[in-house]
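Worksheet: one structure, shown below.
The values are calculated or read from the model by the stated rules, or taken from the named source; none is laboratory data. What you are looking at is a predicted structure, and each value in this text was computed from that prediction instead of being measured. Methodologically, a virtual Cβ is constructed for each residue, glycine included, from the backbone with ideal geometry; neighbour enumeration extends over all protein chains shown. With ligands, DNA and RNA removed, areas are computed over all heavy atoms of the protein, side chains included. Shrake-Rupley method; radii C 1.70, N 1.55, O 1.52, S 1.80 Å.
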Amino acid sequence: MTRGLVLCGWLTLLRAAEAAPSPEVGRLAAEVRPLGWVAFSARSPRGDWDIYAMRPDGTDVRNLTNAPETEDFYPLFSRDGRQLLYRAMPRGQTVSGNDYGRQGRPMLARANGAEAKPLGEDGALPWATWSPDGRQLLTLQPRGFAIVDLATKQVVRSFPRGGFYQQPTWSPDGRAVVGVSNGFDTGWSIARLELATQRANAVSVADCCTPDWSADGERVVFSRRRPHGGENGGYGWTELWQARPDGAEPQLVYAEAGRHLYGGHVSPDGRFVLFTGNLREDGDPAHQGAPMGLVRLADTPMIAEDADLRRAYPQAKSAPVLVLPAGHEPCWTAAEAPGLSR
Amino acid sequence: MISRHPSAVIGSGLVASGFLLWMAWPFSTPPPFPANLGNVEVVARLTEVPTGAVFERELYHYATILKYEVITCARGKVLPGDIIYVAHYDPWKPRAAAADAKAPGIGGDVRAFVAGDRHHLALAVPLDDHYMGGLVDKYFGRRPALAYWALRTDAD
């Protein structure tokens, strides 16, 4: 009896030790906690996808959209953190890992989810991304890019897309866009388009997607599929990388074995990067998704320790990763508006 | 001994010539596609299928660029002998099963892409107007910028 109690006590302690974050992770969590809010899409207890907000350490999670009749996804804070753009479609439809930017209809709300209203019908404003001042949206459709004035809904400028086809993001200075392009030797390249000249350059050409800008516009983060020998059903795994917008200085940010790293998003102060961690190739949108994560950029390049990864990246560091709730496409703002009561 | 009247010889010769001509004729012209199906319609020979241009990939749709030599042109500004580059959507699938929400309106009776085969193609340009997605292009940097989007691909 006594030995049984002791064994139970040990098991409890072991489980607690497993669950408790290491001191390093605890320090990382404490660093990021006061730095604004992160929006992401996740499955609600009712089973539908909603837009949530949390503190960057994963605490204080709150449901911003709370709309059981729709699947809500792809949240984007305006750069001032006051507005929230997302897409919504009838409940039961599955979010597509490659087409989510043109599924459902665009919705606009205050950053805390209040006053949500549709900006158009199904498929309207495809792949919309915020202008630096939050007054315009840049969209991407077969006929090309279009810049739409938010107040009047009028197209103020349009131009050919030159092979760009998904996940565009407007730069913080408004001068360029990065996105996924089929115009640079691989079907899934990251490219940058200068809006003034409409000249495009490759940022990375190794099966890449989900690019985003650092807040100062000096770096682009993106996911990149590493060379593989057919694992993961022939697809291999993706890692988080960064490069200069002209493609110079490509560098690993973070890699794990057996998990895709997508949806990289740099913190507003440029010190941290968020990502979506997918255990399944399609991101598992039909189920629960997988935990998101956060790392310190000063700790990179880094890997989750693994013999094959260590051989591939002998200089990579082993540094703390803050595990966050399950969700997709996190977006970070330094503003406090998402946390305001409605 | 069989006597040969000159007219019989000439007649036989004409029949034989006609037969040979029929055999040698490049399958004449297939029944035309509807006039609004794309802006180019050709019969063309698939010159090659480069290594890695066609592969099965269920989760990521893609189009692949294939190279053709034009044999006849029914519509559009293409001449016999021209080399054209054609994007086929999800080329590992039979054409009749390839259409989906991302590439509606494509089809045909070709089941697989085999080098040397002749195809009756309804094509559309520019490619960007018709397709937004991953593109496998084994001719990158070695072909003209113009590529066609295959709407219909029948065996000829």
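Buried surface for the A/B pair, taken as the accessible area of each chain alone minus that of the pair with a 1.4 Å probe, is close to 1800 Å² in total. Eigen-decomposition of the gyration tensor built on the alpha-carbon atoms of the protein assembly as shown gives equivalent ellipsoid semi-axes of 53, 26, 21 angstrom, largest listed first.
Between residue A:94 and residue B:36, the distance separating the two model label sites (each 7 Å from Cα on the Cα→Cβ line) works out to 3.4 nm. When the helices of the protein assembly as shown are scored as -39500 (n - 2.57) per DSSP H run of n ≥ 4 and the total is divided over every residue, the value at 222 nm lands at -3500 deg cm²/dmol.
For segment A:3-339, with every protein chain kept in place, what is the accessible area per residue (1.4 Å probe, Å²)?
I get 41 Å² per residue for this part.
Spin-label model, residue A:341 to residue A:271: label points 7 Å out along the Cα-to-beta-carbon direction sit 3.1 nm apart. Taking amide H as placed 1.01 Å from N in the peptide plane, residue B:48 has its amide H under 5 Å from the amide H of B:67, B:116, each at least 5 places away in sequence or on another chain.
Across A:279, A:125, A:261, mean-square fluctuation computed from a Gaussian network of chain A (C-alpha pairs under 10 Å connected) peaks at A:279. Based on the Cβ-Cβ distance from residue A:154 to residue A:199, what FRET efficiency comes out when R0 is 25 Å, to the nearest 0.05? Given R0 = 25 Å and the Cβ-Cβ separation, E is 0.40. For residue A:188, the accessible surface of its heavy atoms amounts to roughly 20 Å² (probe 1.4 Å, protein chains only, rounded to the nearest 10).
For segment A:28-67, calculate the relative contact order in percent as a whole number, restricting contacts to Cα pairs under 8 Å that are 6 or more residues apart.
Values: 63 pairs, mean separation 14.2, N = 40.
Relative CO of segment A:28-67 lands at 36 percent.
Nearest 10 degrees, 0 to 90: what angle lies between the long axis of helix A:2-19 and the longest principal axis of chain A (Cα atoms)? Value to nearest ten degrees: 20.
Rounded to the nearest 0.05, what FRET efficiency is calculated for residue A:175 and residue B:129 with R0 set to 25 Å and r the Cβ-Cβ distance? Walk me through the numbers on the way to the answer.
Values: r = 27 Å, r/R0 = 1.06.
FRET efficiency, residue A:175 to residue B:129: 0.40.
Per-atom-type breakdown for chain A gives carbon and sulfur 54% of the accessible area (1.4 Å probe, protein chains only). For the residues A:271, A:43, A:199, a 1.4 Å probe over the protein chains yields an accessible-area ranking, largest first, of A:199, A:271, A:43. Using a simple spin-label model with pseudo-atoms 7 Å out from Cα toward Cβ, residue A:121 and residue B:57 lie 3.3 nm apart.
Pairs of alpha-carbon atoms within less than 8 angstrom and 6+ residues apart define the contacts here; what relative contact order does segment A:3-339 have, in percent?
Numbers: 874 pairs, mean separation 47.8, N = 337.
Relative CO of segment A:3-339 lands at 14 percent.
Dividing the mean sequence gap of close Cα pairs (under 8 Å, 6+ apart) by how many residues segment B:40-155 holds gives a relative contact order of 32 percent. Subtracting the Cα-Cα distance of residue A:279 and residue A:232 from their residue separation scaled by 0.36 nm leaves 15.9 nm. Counted by Cβ distance under 14 Å from residue A:325, the other residues give a net charge of -1, where Lys and Arg count +1 and Asp and Glu count -1. In segment A:149-182, the residues whose accessible area drops by at least 40 square angstrom when the other protein chains are added to the isolated chain are A:161, A:165, A:182; the probe is 1.4 Å and only protein heavy atoms count. Using a probe of 1.4 Å on the protein chains alone, the accessible area found for residue A:69 is around 120 Å². When B:45, B:57 are compared by accessible area of protein heavy atoms, the largest-first order is B:45, B:57, using a 1.4 Å probe.
What the Cβ-Cβ distance of residue A:298 and residue A:257 gives, at R0 = 25 Å and to the nearest 0.05, is a FRET efficiency of 0.60.
What net charge do the residues around residue A:245 carry, taking every other residue with its C-beta under 13 Å from that of residue A:245, with Lys and Arg at +1 and Asp and Glu at -1?
Details: positive: A:175, A:192, A:199, A:219, A:244; negative: A:173, A:194, A:212, A:216, A:218, A:246, A:249.
So the environment of residue A:245 carries a net charge of -2.
Of the solvent-accessible surface of segment B:40-155, computed with a 1.4 Å probe over protein heavy atoms with every protein chain present, carbon and sulfur atoms account for 54 percent. In chain A, the longest principal axis of the Cα atoms and the axis of helix A:23-32 are about 30 degrees apart.
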